[in-house]
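The values are calculated or read from the model by the stated rules, or taken from the named source; none is laboratory data. Bear in mind that the values here come from a model prediction, so they are computed numbers and not experimental data. Here the Cβ positions follow ideal geometry from the backbone for every residue, glycine too, while neighbour counts run over all protein chains shown.
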Amino acid sequence: MAEPITAADLGSALDLIGRPLMLEALAAVADGRTLRDAVPSGVDAGLFIDELKALRALRMVDSTDGSPLGRHTLTADGQALTNLLGNLAAAITCTATGNYSPV
């Protein structure tokens, strides 16, 4: 079971928002896609690999086949981060539509 999210975790998650390729890589892993299939058109695959290396260094993902552009899985921390980012996106969407209600 993942540890509770702390303010420091939230700050780290928000830092990732400034790294759109890292978020793309994280989303690809969460969706079960290989990174080879997820590299956006016109983007150097090397930049994507760099973001994946950063995600691995942060212990957010693990490689399942040893290939930089192959399959990866989310770790417990990676799953917690994707949940946090999903909740943040939902809160932003609700706020933008006027449906936000703090719990």
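Values for this structure:
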read-out	value
Test: residue 88 is in contact (Cβ under 8 Å) with a residue 40 or more places away in the chain and surrounded by fewer than 16 Cβ atoms within 10 Å (Cβ to Cβ)	yes
Residue check for residue 25: under 17 Å from residue 14 (Cα atoms), touching a helix residue (DSSP H, G or I) at 6+ places or on another chain (Cβ under 6 Å) and among the aliphatic types (A, V, I, L, M)	yes
Single match in 74, 81 (criterion: over 17 Å from residue 18 (Cα atoms) and in contact with a helix residue (DSSP H, G or I) (Cβ under 7 Å, 6 or more places away or on another chain))	74
Scope the range 14-55; condition loosely packed, with under 12 Cβ neighbours inside 10 Å, within 11 Å of the chain's Cα centre (by Cα) and closer than 18 Å to residue 75 by Cα; matching residues	31
Residue tally, condition modelled with pLDDT under 85 and at positive phi, over the range 50-66	1
Selected residue (only one of 69, 10, 35, 16 is of a type in the set (A, V, I, L, M, F, W, C), on the phi < 0 side of the Ramachandran plot, modelled with pLDDT under 85 and touching a Pro at 6+ places or on another chain (Cβ under 9 Å))	35
